[in-house]
Structure formats: structure tokens, C-alpha cells
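The values are calculated or read from the model by the stated rules, or taken from the named source; none is laboratory data. Keep in mind it's a predicted model, so treat the numbers as computed, not measured. Glycine also receives a Cβ, built like all others from the backbone with ideal geometry; neighbour counts cover every protein chain displayed.
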Amino acid sequence: MTKIFKTFGLILIITSGQIMFGQTTFNYKDDFKKVLLKTNDLNDSLSYEKLLKRFYVNDTTMTNFEVLALLIGFTDKKEYKPYQDINTEREIYNLNGEKKYQEALDKGIKFIETHPLSVKVLFEIAYSYQKLEKEESAKFYSYKGQRIFEAMYFSGDGTTIETPAFALGPADGQDFIYKVVDADIGTMGSGRDKNGNFIDILEAKFEDGKRMNLYFIIQHATDKMFAEKSIEEELKEQNKKKKTNK
């Protein structure tokens, strides 16, 4: 039996527990650092600032690769603190769950001023607007979330540990499964690909009882987490030395 899911404009065909995605030319090992360098070059067409301006206005001519480059570019920004940001994202999600739509909206809009590519918050903002009966604004922010999911979809088919989908945040794979694959999440684990990159392994549970693992690469997120910890440890060590020298 074949199921076709059409969510936010994405089409995934699931046959006998397998998901068939489109082909991609992106390879994390070979391309991540190359793309990151380009996003830091103001004269390059993949300049982060140039791409972000287009993303802000929902430029429909942006390719999936350009949106992916934008996501990669954000991993180099000081605001990118994926494991800390989860807390704020959940707070906004919970506010909507408590029907505090205006409060969720206000907090969400403030958050994306510094985190414009938080797919969870973009959809929460859209949801808030929808509940506040502002359909055009809801569509505007839904589209942004859609483009990020399409970029993830483009980056890798996610069906094996060697073909993972790129995820900016450690919880983005979960949202992808809920919103795009239209499945629940079973077991959650992690592993590494043959190059040692950290992979989130999430089990998708379908209504018909079928299950399959999907893979999301988040090496950049773990790199940032350990970098932040190293900085904090260094600061603590410096403070200890200052106290000793007093």
C-alpha cells in the first residue's frame, strides 16, 4: 500500500515502510565547510546577509540549496546556541498549548529577531496568528517554516545513517517527523556516520503500525555545545586564578 503525504507543499511517498525523497547533491563531509566559508563572504552570492534578506521577505526564487546555505551560515553566529535555545522554543510552544496566543506570539517574534531560522518558533508564530484570526500573517510565517523543511528534505533523504537530513537544531528532526512525515515518534537514539559526525536517530511510527528510522545530522550543533562548554570552563578557570592571586 502506498501513502502520499502532502504537508506544507512537500510530497513524501511511503511504500512498504520506505520513504522516497528527491536526489540531492549536498554532502555534509565535503560541502559543509565550503558552504560555511561562502556564507561569510559578503561578495559571494551565498553571503549569509544576502540570503537572510531574501528569506525575510519570503523570496520565492530562493532555491533549496540557498536556504540550506542560510541554515549552515547561522551555525557560525554567536546567537546559535542550539541546546540552550530548545528551552525558549518549548516555552513558546507551551504558551500556545495553554491558549495564550498573544503571549506566545510576542515571545516568538522577539525570539526570531535573533534566531530567524528556528523552524519550531516560525510554525508556533504561524499557529498563534491563525488562532488570532490573522490568516495572511499565519501563511507568511508558515511559508518560512516550509522552506526550512524543504531545505532539510533537499540535504539528504534521511533514510540511512549515511544519507542523513541536515537539522539546524537538535529537536528539528522531531518537528520534521511530526509535520512533514505525519508520524509519531517512537524510540530516540544517536550514532555516528563513517566520518564520525553525530547523528540523531528517530523512529517514525505510522498509523498503520509501520515503523522506520530517520536520520538527522547535527554535528554542527554538538560542536557548538562543546565549544560553549569549553569557553565556560576557561572562564571558570580564569576566575579561580583571579581569586587565588588576590
Contacts under 6 angstrom Cβ, first residue in segment 139-156 being over 15 Å from Thr63 (Cα atoms), partner buried (at least 22 other Cβ atoms within 10 Å of the Cβ) and among the β-branched types (Val, Ile, Thr), 6 or more apart: Tyr141/Ile125
Helices (runs of 4 or more DSSP H) contained entirely in segment 69-133, each with at least 2 residues that are among the aliphatic types (A, V, I, L, M), modelled with pLDDT of 95 or more and more than 24 Å from Phe166 (Cα to Cα): 101-114
Residue match in segment 120-134 (condition: closer than 30 Å to Gly196 by Cβ and either charged (D, E, K, R) or surrounded by 14 or more Cβ atoms within 10 Å (Cβ to Cβ) (or both)): yes
Close pairs (6 angstrom Cβ cut-off, 6 or more residues apart or separate chains): part of a loop (DSSP other than H, G, I, E, B) in segment 27-52, of a type in the set (D, E, K, R) and surrounded by 14 or more Cβ atoms within 10 Å (Cβ to Cβ) anywhere: Asp44/Lys38; Leu46/Lys38
Of the criteria (1) farther than 20 Å from Asp76 by Cβ; (2) touching a Ser or Thr at 6+ places or on another chain (Cβ under 8 Å), which one Asp184 fails: (2)
